[in-house]
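Down below is the structure, laid out as structure tokens.
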Amino acid sequence: MRIVSLVPHATELLYALGLGDQVVGVTHECDYPPAAQELPKITRDALPAGLSAREIDEAVRERTAKGEAIYALDEDMLADLEPDLIVTQELCPVCAVSYDEVKEVAAKLDPCPQVIALDPKTFGETMGDIRTIAQATHTRDAALELVSRQRSRVDRVKIAVKGVRRRSVVAIEWFDPVFIAGHWTPQLIELAGGTDLLGFAGEHSEQLPWEAIEAAKPEVVLCIPCGYDGPRALAEAEQHTGHLRAIGAQEVIALDAAAYFSRPGPRLVDGLETLAHALHPDRVPEAPGRVHRVML
């Protein structure tokens with residue numbers, strides 16, 4: 001089977017199921033696992049490089065209001081790759097080429113490839129995506145093994161933080177303007193031994209004023225700006241230390257959002273383990289990711 005992945009978390013999932021040798025094309029943002037970086041890139045960013053968080057937000061709002069795409073798809077390259085299966089998503093127009101565009105382009109190909117969209121909104125649904133890919137690629141046994149490993153890791157975290165005093169958390173998914181993380185992040189916070197004060201599981205991220213975060217009075221502010229790695233998340237947080245200081249939290253921590261929170265793939269469990277370590281290092285002494293603490 002020849003597979004094209006049009007969203008980074010799908011690429012990660014395909015490789016986790018042992019399908020890496022069947023993936024023939026990916027997006028320009030597919031950077032994990034490293035082997036994916038060697039594959040043909042069939043998308044490009046329509047926004048100019050080097051924009052600030054505010055400029056990115058404004059550009060995205062302007063383009064989506066006009067019905068313009070955030071990403072450009074190389075239709076000729078897609079045709080040359082002759083895929084049997086295209087994996088994309090419908091969840092977020094900012095995260096990938098739109099599903100409707102992919103369906104329209106795929107319909108022009110001969111033979112027409114199967115197109116499946118992953119649209120998880122909760123942590124449970126991200127696990128369900130494993131089965132969705134498995135059904136399309138006939139990898140049932142690999143999927144069962146992956147689900148079992150993921151569940152075992154989640155269970156270990158749950159056992160480690162059982163009975164702990166839960167720490168109150170607000171998760172910032174974007175800084176300018178401020179967005180509070182939704183979807184699966186509130187569930188990860190709960191599983192890690194925290195209580196999310198403002199986010200709602202399964203719901204879209206919500207734009208809120210800084211005053212709302214101050215009023216919530218969280219013990220911990222989690223800085224996970226969408227699509228940014230740990231050092232970039234830390235740098236974004238440091239640009240807003242005045243606002244963060246005013247919240248009065250005991251800790252402000254920045255984590256690798258791109259790897260562990262923004263993409264609803266297998267590495268969400270790495271994010272859970274890292275967050276549990278950040279919140280309760282006495283219960284979870286080790287973590288796969290680095291915790292960046294913001295000095296206010």
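The values are calculated or read from the model by the stated rules, or taken from the named source; none is laboratory data. On a predicted model such as this, the values are computed, not experimentally measured, just so you know. Cβ sites come from the backbone with ideal geometry, for glycine too, and all protein chains shown count toward neighbours.
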Assess whether residue 171 counts as being within 16 Å of residue 264 (Cβ to Cβ), assigned to a strand (DSSP E or B), at pLDDT 95 or above and within 18 Å of the chain's Cα centre (by Cα).
-> yes
Going by the structure shown, is residue 111 assigned to a loop (DSSP other than H, G, I, E, B), at pLDDT 90 or above and touching a His at 6+ places or on another chain (Cβ under 9 Å)?
-> no
Could you please let me know if residue 209 is modelled with pLDDT of 95 or more, over 16 Å from residue 123 (Cβ atoms) and in contact with a Ser or Thr (Cβ under 9 Å, 6 or more places away or on another chain)?
-> no
Name the residue, out of 195, 137, that is crowded, with 19+ Cβ neighbours inside 10 Å and among the polar types (S, T, N, Q).
-> 137
Looking for whichever is of a type in the set (D, E, K, R) and farther than 26 Å from residue 89 by Cα here; the options are 290, 232, 263. Which one fits?
-> 290
Counting just the residues of the range 252-296 that are within 15 Å of residue 220 (Cα to Cα) and in contact with a Pro (Cβ under 8 Å, 6 or more places away or on another chain), which one comes out surrounded by the fewest Cβ atoms within 10 Å (Cβ to Cβ)?
-> 292
If you take the residues in the range 97-125 that are more than 27 Å from residue 60 (Cβ to Cβ) and not hydrophobic (A, V, I, L, M, F, W, C), which one is surrounded by the most Cβ atoms within 10 Å (Cβ to Cβ)?
-> 113
Can you tell me which residue in the range 1-32 is nearest to the chain's Cα centre (by Cα), limited to those that are aliphatic (A, V, I, L, M) and in a loop (DSSP other than H, G, I, E, B)?
-> 7
